[in-house]
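Student: Okay, handing you the structure first.
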Amino acid sequence: MTTAALLLAGGAGSRLGGVDKAALRLGGTTLLEAALAALAGLEVVVVGPPRGLAGVREVQEAPPRSGPAAAVAAGLAVLPVCDEVLLLAVDLPRLPEAVPRLLASPMGPDGVVAIDAADRVQWLLGRYRLPAMRAAVAALGEPAGRSLRALLGGLALAPLRLPPGVDADVDTVTDARRAGVALPGEEAR
């Protein structure tokens, strides 16, 4: 089985005052750099504003910031041929811990997705079969403004429970503090 990765890195960061989450720092490394290192050896497509990344395919959803379903559709359009896709968010500080677990986890008919401690599906922390993702995009129609639940909610996915905190993302200043992530102008932790 061949695996590629879609890394969504284009959110507005509105609850962080418009901060580019990909540029947040943890231990002297940006979240984007840490994510790309965790995905070394895989074909990776970064979806979001152009960043000029060497050796990485980049694409932006049209129109820009039109939502996660549009970002997935844009990423799939340029994804190399593969059997399965890691669908990940750049704002996961512990992504390097999650990737090996996702790759080793048994899949349901259409994939596997993380379920957090509150039993919420973490759509951007999953491994999906490419044909199932492509079919979901085709069935959705126009993806702009649509949610990931609307896009992926009909798939038959195995649940994956990760250790506490591994699925935590950074949406707010409180989340950043909890994860030890440095905001712009702060020292990297």
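Student: Any chance region 4-11 includes a residue that's in contact with a helix residue (DSSP H, G or I) (Cβ under 9 Å, 6 or more places away or on another chain), among the aliphatic types (A, V, I, L, M) and farther than 13 Å from Leu86 by Cβ?
Tutor: yes
Student: Do we find a residue being under 15 Å from the mean Cα position of the chain (by Cα), in a strand (DSSP E or B) and modelled with pLDDT of 95 or more anywhere in region 59-73?
Tutor: Taking every residue of region 59-73 in turn, at least one turns out to be under 15 Å from the mean Cα position of the chain (by Cα), in a strand (DSSP E or B) and modelled with pLDDT of 95 or more.
Student: Of all residues in region 75-109, count the ones that are free of Cβ contacts under 8 Å to residues at least 60 places away in the same chain and either touching a Gly at 6+ places or on another chain (Cβ under 9 Å) or among the hydroxyl-bearing types (Ser, Thr, Tyr) (or both).
Tutor: Of the residues in region 75-109, 2 are free of Cβ contacts under 8 Å to residues at least 60 places away in the same chain and either touching a Gly at 6+ places or on another chain (Cβ under 9 Å) or among the hydroxyl-bearing types (Ser, Thr, Tyr) (or both).
Student: Could you please find all residues in region 1-41 being hydrophobic (A, V, I, L, M, F, W, C), within 18 Å of Pro96 (Cβ to Cβ), surrounded by fewer than 19 Cβ atoms within 10 Å (Cβ to Cβ) and without any contact (Cβ under 8 Å) to a residue 60 or more places away in the chain?
Tutor: Once the filter is applied, which keeps residues that are hydrophobic (A, V, I, L, M, F, W, C), within 18 Å of Pro96 (Cβ to Cβ), surrounded by fewer than 19 Cβ atoms within 10 Å (Cβ to Cβ) and without any contact (Cβ under 8 Å) to a residue 60 or more places away in the chain, region 1-41 yields Ala37, Ala40.
Student: If I go through region 19-35 residue by residue, how many of them are closer than 19 Å to Val46 by Cα and assigned to a loop (DSSP other than H, G, I, E, B)?
Tutor: 3
Student: Tell me which of these Pro50 doesn't satisfy, since it passes every other one: (1) surrounded by fewer than 24 Cβ atoms within 10 Å (Cβ to Cβ); (2) touching a residue at least 60 places away in the same chain (Cβ under 8 Å).
Tutor: (2)
One line per residue, one yes/no per condition, for (1) out of contact with any Leu (no Cβ under 6 Å at 6 or more places or on another chain); (2) closer than 21 Å to Ala139 by Cα:
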{"site": "Met1", "(1), (2)": "yes, no"}
{"site": "Thr29", "(1), (2)": "yes, no"}
{"site": "Ala35", "(1), (2)": "no, no"}
{"site": "Pro49", "(1), (2)": "yes, no"}
{"site": "Pro63", "(1), (2)": "yes, yes"}
{"site": "Ala74", "(1), (2)": "yes, yes"}
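The values are calculated or read from the model by the stated rules, or taken from the named source; none is laboratory data. All of these numbers come straight from a predicted model, not from anything done at the bench. Cβ: placed from backbone, ideal geometry, glycine included. Neighbour counts: every protein chain shown.
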